[in-house]
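Chemist: Pasting in a structure now, in structure tokens, and then I'll have a few things to ask.
What follows is calculated from the coordinates using simple rules that are stated; it is not laboratory data. In this text the structure is predicted, and so the values were computed from the model without any measurement. No Cβ is skipped: glycine too gets one built from the backbone with ideal geometry, and neighbour counts run over all protein chains shown.
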Amino acid sequence: MTIATRRWAELCPPNQPEQRTVFVDAPRSGRKRVVIIGGGFAGLAAARALRHANADVVLIDRRNHHVFQPLLYQVATAVLAPAEIAVPIRQLEVRQRNLSVVLAEVTGVNVASRTIEACAAGVGVRKMAFDYLVVATGMRPSYFGHDEFARFAPALKSLSDAETIRAKILSAFELAAMTDDEGERERQMTFVLVGAGPSGVELAASLAHMVKVTLHSNFRRIDPAKATIILLDAGKRVLSTFAEPLSRRVTRRLTKLGVKVLTGVKVETVDEQGVIADGSRIPSATVLWTAGVAASPLPKMLGTQTDRAGRALVDPFLKVVNASGVFVVGDAAWVMQDEHPVPGVAQAAIQGGRYVGRLIAQELKGRKVKRPFRYSDKGNMAVVGKNYAVLERGWFRTSGFMTFLVWALVHIRSLPQSQNRLRVRRQWLWSYFTGQRSSRLIPESPSVSAPASDR
Ligand SMILES: Cc1cc2nc3c(=O)[nH]c(=O)nc-3n(C[C@H](O)[C@H](O)[C@H](O)COP(=O)(O)OP(=O)(O)OC[C@H]3O[C@@H](n4cnc5c(N)ncnc54)[C@H](O)[C@@H]3O)c2cc1C
């Protein structure tokens, strides 16, 4: 059973129909209902674009918060705290009168009966009818058919993933400082990151900076600066979606930071001792997975063609063919533009969500939208530690300190609300000038705070 299906099964146990509360809500009289599944970049943009529409908008997410994923790696490396890059989705109800937020996991979509099934812990399954459906469920980590790796190599997709990774990294140094076994100390101080896309590169560089600057003088028995950080990728170069000259510059920069970059190397096994790559074992207590992604199971339920990653094929209006009023946006959509797929990035998700929200609003007014969706590429960026970032926009490429400043400004500006912007700016300035990272917390195990009689 995969991780995703196991979680669903826990929330909504199968074969126990008597435990399932099933009822169908009716929309408020005379109003159409737009159901949006997913409160990520695309889902929120669609909901906002519908704020003046004469419809009941229902936004369903299995998490109660929206996460600004581009800065997750900073939570994983203790620069930022989780709340600094997240906002409660429910807060939107205050600002948008036609919107209701539902905390539940959507487990089924029936296009023929125009209903979805959502499941909330303790409540059971709730069926809901829709007039319009927007699927914005994003992607989840993929271990390329090796889900067993997930136990030993957490991926970075949610706030809890980031906290797990942070605890793993910090615990490794604590254990390295405790042990007298030289081999074990080395294993604890070896970090292997699998996947050299933007997430892997940003995580590796931030970790390298943390061990050299923040943790360097924090231990008497070990020198964290001597940690080994390995970035592995089966492909020929890091940041394969960027132009080759930028890849080369990033590799040089990573090497300067002390990261060992190994490309063209295939990981065969991940277990509690580390990884086996190209037949050789690399002992490591901390393996992190930043390699693949796959769509959630929902797009497959729409009865449309999906690509290898499970994204739903949509027409140029982001509609599912032969399913009227059903749209897929963001990472979950497979949209072709100028013979290339629209990339799975935040900008594309925001633009797609906004487009579909506006299209539905127009249709509700009885108008037909004739202009198909057009993704406008604002450029790709990746940051490589302190003071260095790369930017590519069409033929324009640049890197260095000024690009780092642009990266910082763009990310501050893109954070969901002013509270996040203020807090992140303050943390970054503190961290930049002192080298400190204030979120270096390893959560206690639940047994520590259990009642004394249970211990
Ligand atoms: C670590 C990391 C770093 C990234 N860095 C960058 C970057 O620097 N720049 C950039 O442009 N892009 C970046 N991306 C990609 C970017 O975050 C995605 O392209 C974007 O989040 C896609 O938006 P979305 O709305 O389609 O999906 P998401 O933002 O993933 O949102 C999907 C939502 O759907 C919900 N959901 C899923 N399934 C269900 C279900 N069955 N029921 C209810 N709710 C469900 C999820 O809880 C989630 O809230 C990064 C991604 C990651 C993981």
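Chemist: With the Cα gyration tensor of region 139-255 giving a ≥ b ≥ c as the square roots of its eigenvalues, does the rule (a/c under 1.5 for rounded; else a/b larger than b/c for prolate; else oblate) give rounded, prolate or oblate?
Modeler: oblate
Chemist: Do any of Lys168/Lys256; Lys127/Lys319; Lys32/Lys378 go past 29 Å between their Cα atoms, and which?
Modeler: Checking Cα-Cα distances, Lys32/Lys378 exceed 29 Å.
Chemist: Next question, about the same structure. Could you give the alpha-carbon Rg of region 186-323 over 2.2 N^0.38 Å, rounded to two decimals?
Modeler: 1.33
Chemist: Size of the dipole of the chain about the Cα centre, Lys and Arg at +1 and Asp and Glu at -1 on the beta carbon, nothing else charged, in debye to 20?
Modeler: The calculation lands at about 2040 debye.
Chemist: Additional query: Specify the longest stretch of the chain that does not include any exposed loop site, a site being one of the GluC sites (Glu not before Pro) with a non-H, G, I, E, B DSSP assignment and at most 15 other Cβ atoms within 10 Å.
Modeler: 1-271
Chemist: Sort 58-65, 415-422, 73-80 by the packing proxy (mean of other Cβ within 10 Å over each peptide's residues), most packed first.
Modeler: On the way: 58-65: 20.9, 415-422: 14.6, 73-80: 26.1.
So the order, starting with the most tightly packed, is 73-80, 58-65, 415-422.
Chemist: Give me the percent of DSSP beta bridges within the chain that run antiparallel, rounded to the nearest 5.
Modeler: 50 percent
Chemist: Normalising by the residue count of region 173-321, find the relative contact order in percent from Cα pairs under 8 Å and 6+ residues apart. Kindly include the intermediate steps, with their values, before the conclusion.
Modeler: On the way: 248 pairs, mean separation 35.3, N = 149.
Once divided by the residue count of region 173-321, the mean separation gives 24 percent.
Chemist: Ok, one more. List the aspartates and glutamates whose alpha-carbon lies under 17 Å from that of Lys368, not counting same-chain residues fewer than 8 positions away?
Modeler: Within the straight-line limit of under 17 Å, Lys368 reaches these aspartates and glutamates: Asp131, Asp315.
Chemist: Report for region 145-291 the percent antiparallel among DSSP-assigned beta bridges with both residues inside it, nearest 5.
Modeler: Of all bridge pairs located within region 145-291, approximately 35 percent are antiparallel.
Chemist: What aspartates and glutamates does Lys157 reach when the alpha-carbon gap must be under 17 Å and sequence neighbours fewer than 8 apart in one chain are set aside?
Modeler: Filter leaves Asp61, Glu84, Glu105, Asp147, Glu202, Asp331.
Chemist: Let's test this: bin the Cα-Cα distances of the chain at 10 Å from zero up to the farthest pair and state each bin's percent.
Modeler: Whole-percent P(r) values from 0 Å outward: 4, 19, 29, 26, 16, 6, 1, 0.
Chemist: Fewest first, what order do Arg90, Arg393 take by the number of other Cβ atoms within 10 Å?
Modeler: Details: Arg90 16, Arg393 12.
Lowest to highest Cβ neighbour count: Arg393, Arg90.
Chemist: Follow-up. At 7 Å along the Cα-to-beta-carbon direction for both Arg308 and Lys226, put a label point, then send me their distance in nm to one decimal.
Modeler: Inter-label distance under the simple model: 4.3 nm.
Chemist: DSSP H helices in the chain with Cα extent of 15 Å or more along the helix axis and mean Kyte-Doolittle hydropathy at least -1.0?
Modeler: 159-178, 198-209, 244-257, 346-364, 401-414
Chemist: Still on this model: Which one, Leu72, Thr107, Gly258, is farthest towards the positive end of the dipole of the chain when Lys and Arg carry +1 and Asp and Glu -1 on their Cβ?
Modeler: Towards the positive end, the residue furthest out is Leu72.
Chemist: Given Cα pairs under 8 Å that are at least 6 residues apart, what percent is the relative contact order of the chain? The partial results should precede the final answer.
Modeler: Working: 911 pairs, mean separation 84.9, N = 455.
Computed over the chain, the figure is 19 percent.
Chemist: Within a 10 angstrom radius of the beta carbon, how do Thr137, Thr214 rank from fewest other beta carbons to most?
Modeler: The order, fewest Cβ neighbours first, is Thr214, Thr137.
Chemist: Got a sec? How would Met381, Met178, Met210 order by Cβ neighbour count within 10 Å, fewest to most?
Modeler: Met178, Met381, Met210
Chemist: Additional query: Rounded to the nearest 0.05, what FRET efficiency do Asn218 and Asp315 give with R0 = 41 Å and r taken as the Cβ-Cβ distance? Could you check? Walk me through the intermediate numbers first.
Modeler: Details: r = 56 Å, r/R0 = 1.36.
Efficiency for this residue pair is about 0.15.
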